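Here's the structure, in structure tokens; my notes come after.
The values are calculated or read from the model by the stated rules, or taken from the named source; none is laboratory data. The shown structure was predicted, so the numbers you read here are calculated from the model rather than taken from an experiment. Cβ placement follows ideal geometry from the backbone for every residue including glycine, while neighbour counts extend to all protein chains displayed. Surface accessibility is based on the protein's heavy atoms, side chains included, excluding ligands, DNA and RNA. Shrake-Rupley method; radii C 1.70, N 1.55, O 1.52, S 1.80 Å.
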Amino acid sequence: MMSFKSFRLLGFFALTFSLALASDGSPLQDFCVANPNNQVLVNGASCKDPKQVQAGDFLFTGLHLPGNTSNPAGSKATLVTAAQLPGLNTLGVSMVRIDYAPWGINPPHTHPRASEILTVLEGTLEVGFVTSNPDNRLITKVLNKGDVFVFPVGLIHFQRNTGNGYAVAIAAFNSQNPGVITIANAVFGSKPDISIDILTKAFQADKNVISQFQAKF
């Protein structure tokens, strides 16, 4: 009979294998530290000369510092992607620290290139995601310190601090550059604006209401 320890280990390997299959393409060398100064356009970033690579290329400091949440949403995401940590280039992983003011939100958004696994470090968060058409089912849960929740790739999701104190979460992605599309910003803040006639019909709302939303973004 399989012991609990063996079962837990098997579960860990299954999760790791699943994430590996869904991540960015595997590197073909030990590492490919991003070279932001190279203007060659590739899917990711070109490689720094391995002989010039230093320990600092694999280091990011600062996630112990709280993010500034003094904004309308009341949250701040501190990203650690290949843009901030060149050593992540081609490795298919990245992460983020998210700080939430009391009752602050991380607005509905999607990551087009990654699933997200989030851990609550402090506070209580209401989280959720919406399944794709035609069901558009809301899957939601209240998380406490130490709880973990997964947002599947591409689905609209959100978090909200439900307490009177500050909350903090750490999330990881199976992409070096998961991307983020904040729904309200994309729809009402596009440049140039999406035609107000299109938005009026799509949201079944008065033109004045749509205009007010576009003015905010």
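Any residue at all in segment 84-103 that is surrounded by fewer than 16 Cβ atoms within 10 Å (Cβ to Cβ) and either among the acidic types (Asp, Glu) or farther than 21 Å from Val127 by Cα (or both)? Show your work before the answer.
Applying the first criterion (surrounded by fewer than 16 Cβ atoms within 10 Å (Cβ to Cβ)) to segment 84-103 yields 84, 102-103.
Add one more test, that the residue is either among the acidic types (Asp, Glu) or farther than 21 Å from Val127 by Cα (or both), and what stays is 84.
Yes, segment 84-103 has at least one match.
Considering segment 41-62, the residues that are farther than 15 Å from Gly25 by Cβ and among the hydrophobic types (A, V, I, L, M, F, W, C) include one that is most open to solvent (accessible area, probe 1.4 Å), namely Leu41. Scanning segment 33-47 for residues that are out of contact with any strand residue (DSSP E or B) (no Cβ under 7 Å at 6 or more places or on another chain) and either of a type in the set (Val, Ile, Thr) or in a loop (DSSP other than H, G, I, E, B) (or both) yields a count of 10. When we screen Val153, Val148, Val142 for residues that are touching a helix residue (DSSP H, G or I) at 6+ places or on another chain (Cβ under 8 Å) and open to solvent by 70 Å² or more (accessible area, probe 1.4 Å), the only hit is Val153. Criterion applied to Val130, Val180 was being open to solvent by 80 Å² or more (accessible area, probe 1.4 Å), within 30 Å of Gly25 (Cβ to Cβ) and under 17 Å from the mean Cα position of the chain (by Cα), and the one residue passing it is Val180.
Taking segment 94-113 as the range and being outside any strand (DSSP E or B) and at pLDDT 95 or above as the test, the residues that pass are Ala101, Pro102, Trp103, Gly104, His111. The number of residues in segment 156-171 that are open to solvent by 80 Å² or more (accessible area, probe 1.4 Å), among the aromatic types (Phe, Trp, Tyr) and over 17 Å from Pro66 (Cβ atoms) comes to 0.
Pairing residues of segment 134-152 that are part of a strand (DSSP E or B) with residues that are among the acidic types (Asp, Glu), at Cβ distances under 9 Å and at least 6 apart in sequence or on separate chains, gives Thr140/Glu126; Lys141/Glu126; Lys141/Asp147; Val142/Glu126; Leu143/Glu126; Phe149/Glu116; Val150/Glu116; Phe151/Glu116.
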